[in-house]
Amino acid sequence: MEEQTIDSSPVKDFSESEGSFLKSVLAPALMIVALILGGGVTGFFLSGQTQLTDSVTGTKINSQETKGGVPKEAGVNNPSVYKDQAQGRLEENVNKDIPEGSHRLIRPGGEDQTAYLTSSVLDLNLFVGECIEIWGETHAAQKAGWLMDVGRVKLLDSCPEGL
């Protein structure tokens with residue numbers, strides 16, 4: 001009769017499974033964490049750039065600041081996309097009867113000459129209260145007489161006559 005020995009020691013040899021664990025789980029997890037941190041750092045530094053790009057045309061956007069912090073001119077000088085032009089004083093759109101457009105351009109000639117504005121390129125809030133010249137693309141509107149997506153703004157030295 002042969003003697004059978006049973007290994008009853010409570011300690012197992014994990015040396016092979018530890019190497020497998022490091023290779024299969026820990027290394028990819030560390031790689032993912034490093035990629036996420038690298039992306040975050042890159043995004044942080046790129047977010048500080050002041051150069052903007054028009055999402056429609058891919059054209060770089062001009063911006064020259066004046067002493068008051070309001071850009072003298074901003075936007076894309078692309079007449080093939082932004083064909084329409086107007087001048088007036090910019091206000092936020094608080095007209096509840098015409099909810100189209102975040103802003104409105106008050107022009108000489110009364111309310112029916114008002115242009116309601118949006119911009120997919122510029123922050124129009126920078127120009128509120130200023131007399132400006134705008135270039136943009138007219139869109140169909142439900143209630144507004146004129147709805148324009150503004151692509152370029154130029155600060156005027158004086159308001160158009162009648163404002």
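Miscellaneous remarks
- Test for Lys143: is it basic (Lys, Arg), part of a strand (DSSP E or B) and at pLDDT below 90: no
- Set Ser120, Ser158: member being free of Cβ contacts under 8 Å to residues at least 40 places away in the same chain and either assigned to a helix (DSSP H, G or I) or touching a strand residue (DSSP E or B) at 6+ places or on another chain (Cβ under 7 Å) (or both): Ser158
- Unmet requirement for Pro99, which otherwise passes all of (1) under 16 Å from Glu73 (Cα atoms); (2) not in a strand (DSSP E or B): (1)
- Residue within segment 3-22 that is polar (S, T, N, Q), modelled with pLDDT under 55, assigned to a helix (DSSP H, G or I) and out of contact with any Asp or Glu (no Cβ under 6 Å at 6 or more places or on another chain) present: yes
The values are calculated or read from the model by the stated rules, or taken from the named source; none is laboratory data. Remember, it's a predicted structure, so these values are computed and weren't measured experimentally. Every residue, glycine as well, gets a Cβ built from its backbone with ideal geometry; the counts of neighbours run over all protein chains shown.
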